[in-house]
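Comments concern the structure below.
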Amino acid sequence: MFQAILKYWPLLLGFIAGLILVPFNILGFNFNYLPGDLGDGRFNNYILEHNFQYLIGNIESYWNAPFMFPVKQVICYSDNLMGSSPFYIIFRFLHFDREFSYQAWLLVICILNYFSCYIFLWEWTKNKYAAVLGAFIFAFSIALQSQVTHTQVFPRFCIPLSFLMLLLFIKKFHVKYFFGLLFFCVWQFYCAIYIGLLLSIPLIISTFIVFIKYNKKLLELFHNSRWRNQMLFSLLANFTMLFLLMYPYINSVEKTSELINYQTVINSVPTISSYFFSQPGSLFWDFLSSHLKELPAYWDHQIFAGAIASVSLMIFFCTFYIPHYFKALNLAELRIFAITGMLCFLLFLRIGNYSLYYFIYLIPGFSAMKSLTRVINVELLFFGMAVSYSFIMLTRLNKIKQSILFLSVFGLIILDNFFKSDSVYKIEKAEAQSRTNALINKLEGIPPNEIVSYEPEELHSASIHYNLDAMLACQQKQLKCVNAYTGNSPHFYSSFWHEPNTKNRLYFFSKMNFTPEKVYIVKDLQAFLIENTKAIMKSSDSFSKPTIIDSMAISKMVDKIKLDPGWFEHVKKKAKEKNISLDSMLTLDAIWVLTNENK
């Protein structure tokens, strides 16, 4: 044991420091906090719990989760987290509660991200020090701070494992490695469809380069019927697994959703400045946290990966083609990975209103994506490779002992990526639980599978908070919930989402042609009543139509708010007071203005 520690001390050092820097910085050492805000953070907890409840038989239909009832296939409006939910379900089977299991899930995911990247980088560099430094950047970079509100993107361990399989395939051309490459890519889709789509681009690029570079060898192998059939089976098997996941989404989009217009997503494609735009809270880089606030949804553009990673990436892209370095460093397939990284950055880069991403947007699936800055979750692998590469180059340029050089560089990386705990996006677990438990207590006595609509008399924070209170409470009591919070929804649901009340609920039901015998209406936390919805709907010939705000109008109003310094500062203050993301607060203000204008 002691000998193993001595042998792998750099790996353990990086592991411990990384856990302190990211997951424990978010969760607290006493696990007092949940990641994100009362919106997206808790929604991901709901989805993970939904997977567990379905597994133990408490839910009949997986895709028809019991929220936004009676809308069908509501899981298709967001990520399903199936690929990472086993790491949550383990803790639920150990009888930990929903919130702690969510915290443990995040911790396990961070550990897997680190070790998976270490394995890949060690196979690539054969240098344990370089592998630790690169894996640390991938798993614990400061760039991830802007992603904390979207914890569904944290499961990224399949990214380095996909490239590990590609590297092994190049070395030996065994079919099992090609199968593994496709399998881990598909698994990433199951973890997070967003990241799966983004990962597929560099994998397609690198695989294409490999097939061009080694075309003679591959053509020779292709004439071997056994090898050819196994390759075809690998494609078919993995495509089948991907199709099983995506078919419900494709079917749902065709029936209920509209594709996102390219002009509405172009502003979410990173610019060069985005890679030098930091979230406030670092030790040294707060001066990089204010210069791009004129950008729409600027908080998503805060993807600065630290000075060391950024400089290393520039070195990586500027020197990989020099034959002297290429041979001396002895890094397997250096040029393939470097070219792949360069093309990946170029394809997801915007200069003004122009971007090569337009051609990717035309690929089926990508037209549904609306936040392209999340590509940083994939690009951090190339940042990590660049740091490993630069460290090996550095060892060639001086005679300092590698262990001493590693400690020096690692210390600088820690300082470079250090983030203050009070600046992390997180909420107190006790607050989140108390909100839900207060509502759960009022649902006692309602039989399972009944319909509940939570319609507070007065909203003291964002409506999404109350919708999630209802979702989580009904989930625990095995009830169907009219309330919802998702990545998307039918347009006629938006009025109830923004303002849950009788008028908006009845309008929503009418558009769904839904006339239930009864609905349990929770008007406040003091009492609930049973409303005979069917009788009410029959007694009225029509319903007054609530104001439905077009998404494009909301986007334009948000941009208008940002251009008004006084108004924008007021919205920021409200977001802080109500403990919700600035993005959500801007949307709510925009909807309120447009609604009242239409009145």
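For the chain, count all C-alpha to C-alpha pairs, find those more than 46 Å apart, and express that count as a whole percent of the total.
Working: 31902 of 179101 pairs.
Here the tail beyond 46 Å accounts for 18 percent of pairs.
Plugging the Kirkwood radius over Cα pairs into Stokes-Einstein for segment 377-451, at a temperature of 20 °C and a viscosity of 1.002 mPa s, what D comes out in µm²/s? Display every interim value, and only then the final one.
Values: Rh = 17.7 Å.
So the translational diffusion coefficient is about 121 µm²/s.
Positive end of the charge dipole of segment 1-121 (Lys, Arg +1 and Asp, Glu -1 on Cβ, about the Cα centre): tell me which of S78, P66, L106 has its Cα farthest that way.
The residue sitting farthest along the positive end of the dipole is L106.
Taking just the alpha-carbon atoms of segment 171-290, what radius of gyration and Dmax come out, in angstrom?
Every Cα atom of segment 171-290 included, Rg and Dmax give 20.1, 60 Å.
Which distance in nm do the two modelled labels at L55 and Q230 give, with both placed 7 Å along the Cα-to-Cβ direction?
Taking the simple label geometry, L55 and Q230 are separated by 3.2 nm.
Would you mind getting me the FRET efficiency between I322 and F287? Use the beta-carbon distance for r and R0 = 51 Å, nearest 0.05. Write down the numbers at each step before the final one.
Numbers: r = 34 Å, r/R0 = 0.66.
In this case the efficiency is close to 0.90.
What do you get for the angle between helix 225-256 and the principal long axis of the chain? Use alpha-carbon atoms, 0 to 90 degrees, nearest ten.
In the chain, helix 225-256 runs at an angle near 30 degrees to the longest axis.
Which of the three applies to segment 123-178, rounded, prolate or oblate, going by the alpha-carbon gyration tensor with a ≥ b ≥ c and a/c under 1.5 meaning rounded?
On the way: a/c = 4.98, a/b = 1.64, b/c = 3.04.
Because a/c hits 1.5 or more and a/b fails to exceed b/c, segment 123-178 counts as oblate.
Helix 376-397 against the longest principal axis of the chain: what's the angle in degrees, Cα atoms only, rounded to the nearest 10?
20 degrees
Once segment 439-523 is represented by equal point scatterers at the alpha-carbon sites, with solvent omitted, what log10 I(q)/I(0) does the Debye formula produce at q = 0.18, 0.21, 0.24 Å⁻¹?
The Debye formula, applied to the Cα set alone, gives -0.74, -1.02, -1.31.
Looking at segment 69-125, I'd like the Rg to Rh ratio, where Rg is from alpha-carbon atoms and Rh is Kirkwood's inverse mean 1/r. Walk me through the numbers on the way to the answer.
Details: Rg = 15.7 Å, Rh = 13.5 Å.
Rg/Rh: 1.16.
Relative to the first principal axis of the alpha-carbon coordinates of the chain, what is the inclination of helix 128-140, with its axis defined by its Cα atoms, in degrees from 0 to 90 and to the nearest 10?
Result, in degrees: 20.
Starting from segment 390-419, pick out the trypsin sites (Lys or Arg not before Pro) whose DSSP state is loop and whose Cβ has at most 11 other Cβ atoms within 10 Å. Display every interim value, and only then the final one.
Numbers: sites: R396, K399, K401; in loops: K399, K401.
For trypsin sites (Lys or Arg not before Pro) across segment 390-419 that sit outside H, G, I, E and B with at most 11 neighbouring Cβ atoms in 10 Å, the list reads K399, K401.
Taking 20 °C and 1.002 mPa s as the conditions, I'd like the Stokes-Einstein D for segment 281-414 in µm²/s, using the Kirkwood hydrodynamic radius from alpha carbon pairs.
Values: Rh = 17.1 Å.
Estimated via Stokes-Einstein, D reaches 126 µm²/s.
Assuming 0.890 mPa s and 25 °C, estimate D for segment 1-146 with Stokes-Einstein, Rh taken as the Kirkwood radius over Cα pairs, in µm²/s. Intermediate values should be presented prior to the final figure.
Numbers: Rh = 17.1 Å.
Translational D for this selection: 143 µm²/s.
What is the mean projected area of the alpha carbon convex hull for segment 107-245, to one decimal in square nanometres? Present the calculation step by step, with values, prior to reporting the outcome.
Working: hull surface 35.7 nm².
The orientation-averaged projected area of the Cα hull of segment 107-245 comes to 8.9 nm².
Which is the longest stretch in the chain that no exposed loop site breaks, taking sites as GluC sites (Glu not before Pro) with a DSSP loop state and at most 13 other Cβ atoms within 10 Å?
The answer is 61-257.
Loop-only check: which chymotrypsin sites (Phe, Trp or Tyr not before Pro) in segment 1-60 are DSSP coil with at most 15 other Cβ within 10 angstrom? Can you show the working numbers first?
Values: sites: F2, Y8, F15, F24, F29, F31, Y33, F43, Y46, F52, Y54; in loops: Y8, F29, F31.
When the chymotrypsin sites (Phe, Trp or Tyr not before Pro) of segment 1-60 are filtered for loop state and at most 15 Cβ neighbours within 10 Å, Y8, F29, F31 remain.
Once amide H atoms are placed 1.01 Å from N in the peptide plane, what residues at a sequence separation of 5 or more from R350, or on another chain, have their amide H within under 5 Å of its amide H?
T271, I272
For a bin width of 5 Å, list the pair-distance distribution of segment 398-499 built from all Cα-Cα distances, rounded to whole %.
Taking every Cα pair in segment 398-499, the percentages come to 2, 10, 16, 15, 12, 8, 5, 5, 5, 6, 5, 5, 3, 2, 0.
Throughout, read-outs are computed from the coordinates displayed, never taken from laboratory work. Keep in mind the model is a prediction, meaning the values are calculated, not measured. All Cβ positions, even for glycine, are placed from backbone atoms using ideal geometry, and neighbour counts span all protein chains on display.
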